[in-house]
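Engineer: I'd like to ask some things about the structure below.
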Amino acid sequence: MNISSINSNYLPISSISQQSSGNDAKIRSLEQQLQQLETEKQKAVQQKDEKQKNKLEKQIREIEKQIQQLKNQKNENTEKTTSDIKKTQQVAEKSSNMGKYIDVYA
């Protein structure tokens, strides 16, 4: 395998999986916060506290936005990892074929 063929833009698979598990934990934490805010919003609606309800809705939208960004990032990392694995397999196949053939014309 030629070292120059390795692209330095790719993260090692282990670092991507660590990043992914970190995102999973953040997503779970944000989802818990979201549930708590939804409960508080329901109480504000029952108490007819429009100001509090609007404040909570704004916070809910922000958390939903953060969750979506983390999920998108996770999907991008998964796609990149899959692509990296395929490229590595292709390079390995090419490397395994090297030296199998003898040049009879040399």
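The values are calculated or read from the model by the stated rules, or taken from the named source; none is laboratory data. Because the structure is a prediction, the values reported are computed rather than measured. FYI the Cβ positions are ideal-geometry reconstructions off the backbone, even for glycines, and counts take in every protein chain you see.
Engineer: Quick check on my filter: what residues within the range 78-106 are in contact with a helix residue (DSSP H, G or I) (Cβ under 9 Å, 6 or more places away or on another chain) and either exposed (fewer than 11 other Cβ atoms within 10 Å of the Cβ) or at pLDDT 80 or above (or both)?
Structural biologist: Passing the criteria: none in range.
Engineer: While we're here: Run Ser4 past the list (1) in a helix (DSSP H, G or I); (2) modelled with pLDDT of 95 or more and report the number of the one that doesn't hold.
Structural biologist: (2)
Engineer: If you don't mind, another one. Between a first residue in the range 21-41 that is more than 13 Å from Gln59 (Cα to Cα) and a second residue that is charged (D, E, K, R), which pairs have beta carbons less than 6 Å apart while being 6 or more apart in sequence or on different chains?
Structural biologist: Close Cβ pairs satisfying both conditions: Asn23/Lys74.
Residue-wise test of (1) touching a Gly at 6+ places or on another chain (Cβ under 7 Å); (2) of a type in the set (S, T, N, Q); (3) surrounded by 11 or more Cβ atoms within 10 Å (Cβ to Cβ).
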site	(1), (2), (3)
Leu34	no, no, yes
Leu37	no, no, yes
Glu40	no, no, yes
Gln46	no, yes, no
Leu56	no, no, yes
Gln66	no, yes, yes
